[in-house]
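Before any comments, here is the structure.
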Amino acid sequence: MSGAGTQRLLEAPVLPAIARLAAPGLALAVFQTAVSIADTHFVGRLGTDALAGLALVFPLVMLLQMTSAGAMGGGVSSAVARALGGGHLAAARRLVAHAAVIALGVGLAFTLLLVGFGSSLYVVLGGTDGALAQALAYSDVLFAGAVLVWLANTFASALRGSGNTALPAIALITAALVQIPLSGALTLGWWPFPALGIRGTALAYALAFGVAALGMGLYLWSSPLRPRGSDWRLERRLFGEILRVGALSSVSALQTVLTAIILTGCVGSFGTAALAGYGVGVRLELLQVPIVFAIGQALVILVGTHIGAGRPARAKRIAWTGTLLAVGVSLAIGVSAALFPAAWVRIFSDDPGVLETGSLYLRSVAPFYALFAAGMALYFASQGAGRVGVPMLAGTARLAVVALGGLIVVNAAAPLGALFGVIAFGITLFGALTGAAVYKASWELRRPA
């Protein structure tokens, strides 16, 4: 982002600036939604065990995406935006080099941990027999390619931090256009491809992110952000610029995933059909993440640039404007899902148990999607400000409520609807506490790297 580009962000009307930066990400969200629906549809053709196996692994796929794109990715975007907002291009280049090192290291750690110990985790989550076998078949292939996901999302975050939201969207949309037909071909054996079952779904996922990583890496290395010789000299201070936002945000992402893991384990106690139905229902909630992420990344860029330029009051106004936009989108989705839940669930399965559980989940939880969106959007804005500590505690509160409430429901042999009520309350608490934290926060100037 040039000096003129930075100045345009500082002077542009708030809502048009958010819309312009979010538009590529919103277009991407459409394709990512199509990928998720297509993958679940293809896996659903393999049977209820396969759907249940997908639900068992899904929290870990969430962790992979949330840490690489939303958490550490937010740290990368925030650090680059603050550096460029303060006019420090050399610092931005050094931050890109340090971000690439983080991506390689953490991506390999995901592979070692989840390929090595995934089986034990899925058993704890309630996986047995066919569902467990399907979960392992999917997990081992997908997480073998974890470093590709980390590199793609890290390169995308660096580019977004520079104000370029179009190129990451184009690269990831291209990857989605590759993934959808490839997933169907490798999962179901469309000619001339072999029928790999659920392994094919995972392989298509990894290959698609490899395509995205290659494309964005080539572009980044031809841009002014390309790290040069001395930029690769690693410094604790520069890791700190990324990690003071990215590491705390990763803790928040871990809390979100632990919440999902606990809930998956609780639902698993009600049987395989219930687990599959919950997985289908919760997928609609999580499909909103790319939408709110698109708006949130615009907030990271704009808030970070304004904080770097010493304009915290306008940064706060940007945060609330973007949040209202995200709330409006999720409110429309939530109300529609609560009124017509079967229309969503039947896309993936006609199993009566799956239909019953998925519909119950959406009727209970979907009306609260707006608060989920509010919490997420304000969290991204806090990343841009470099102030994620207090908002992170909202995720801690949600985790505590879900863990305690879920255990009470299971131990009391209460109906599944009571567990979904706990989920709805946790979302409400998350949105309300994050809003209160941002309202009271003082976003003062941070000295750039």
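The values are calculated or read from the model by the stated rules, or taken from the named source; none is laboratory data. These numbers come from a predicted model, not from an experiment. As a convention, Cβ positions derive from the backbone with ideal geometry for all residues, glycine included, and neighbour counts pool all protein chains shown. When the accessible area is computed, the model is the full protein with side chains, heavy atoms only, and any ligands, DNA or RNA have been set aside. Shrake-Rupley method; radii C 1.70, N 1.55, O 1.52, S 1.80 Å.
Things to note:
- Matching residues, the range 207-249, being under 26 Å from Ala385 (Cα atoms), in a helix (DSSP H, G or I) and hydroxyl-bearing (Ser, Thr, Tyr): Ser249
- Check on Gly53, crowded, with 24+ Cβ neighbours inside 10 Å and more than 26 Å from Trp232 (Cβ to Cβ): yes
- Being in contact with a Gly (Cβ under 9 Å, 6 or more places away or on another chain), outside any helix (DSSP H, G or I) and either open to solvent by 20 Å² or more (accessible area, probe 1.4 Å) or farther than 24 Å from Ala294 by Cα (or both) is a condition met by at least one residue of the range 349-371.
- Screening the candidates Arg226, Arg244, Arg199 for the property of being at pLDDT 90 or above and over 30 Å from Val280 (Cα atoms) yields one hit, Arg226.
- Hits in the range 286-321 (condition: over 20 Å from the mean Cα position of the chain (by Cα) and open to solvent by 10 Å² or more (accessible area, probe 1.4 Å)): Gly308, Ala309, Gly310, Arg311, Pro312, Ala313, Arg314, Lys316, Arg317, Trp320, Thr321
- The residue pairs whose first member lies in the range 207-222 and is open to solvent by less than 90 Å² (accessible area, probe 1.4 Å), whose second member is of a type in the set (Ser, Thr, Tyr) and not in a helix (DSSP H, G or I), and whose beta carbons are closer than 7 Å, counting only pairs six or more residues apart or on different chains, do not exist in this structure.
- When Leu324 is tested against (1) open to solvent by 40 Å² or more (accessible area, probe 1.4 Å); (2) within 30 Å of Leu125 (Cβ to Cβ); (3) of a type in the set (A, V, I, L, M, F, W, C), exactly one condition is not met: (2).
- Filtered by the rule that a residue be outside any helix (DSSP H, G or I) and at pLDDT 85 or above, the range 12-62 gives Arg45, Leu46, Gly47.
- Any hit, the range 142-153, residues being among the β-branched types (Val, Ile, Thr) and more than 29 Å from Ala294 (Cβ to Cβ): no
- Leading residue by the ranking (farthest from Ser330 (Cα to Cα)) among those in the range 409-429 that are in a helix (DSSP H, G or I) and free of Cβ contacts under 8 Å to residues at least 12 places away in the same chain: Asn411
- Residues that are in contact with a Phe, Trp or Tyr (Cβ under 9 Å, 6 or more places away or on another chain) and at pLDDT below 90 do not occur anywhere in the range 424-434.
- Meets criteria (among the aliphatic types (A, V, I, L, M), under 16 Å from Tyr379 (Cα atoms) and over 18 Å from the mean Cα position of the chain (by Cα)) for Ala97: no
- Gly200 vs. criteria of a type in the set (Gly, Ala, Ser) and within 30 Å of Ala52 (Cβ to Cβ): yes
- Conditions (1) at pLDDT 90 or above; (2) under 22 Å from Ile37 (Cα atoms); (3) open to solvent by 30 Å² or more (accessible area, probe 1.4 Å): number failed by Ala337: (3)
- Set Ala377, Ala394: member being within 19 Å of the chain's Cα centre (by Cα), at pLDDT below 90 and crowded, with 22+ Cβ neighbours inside 10 Å: Ala394
- Counting only helices (runs of 4 or more DSSP H) that sit wholly inside the range 111-200, those with at least 1 residues that are within 30 Å of Pro224 (Cβ to Cβ), open to solvent by less than 10 Å² (accessible area, probe 1.4 Å) and polar (S, T, N, Q) are 146-161.
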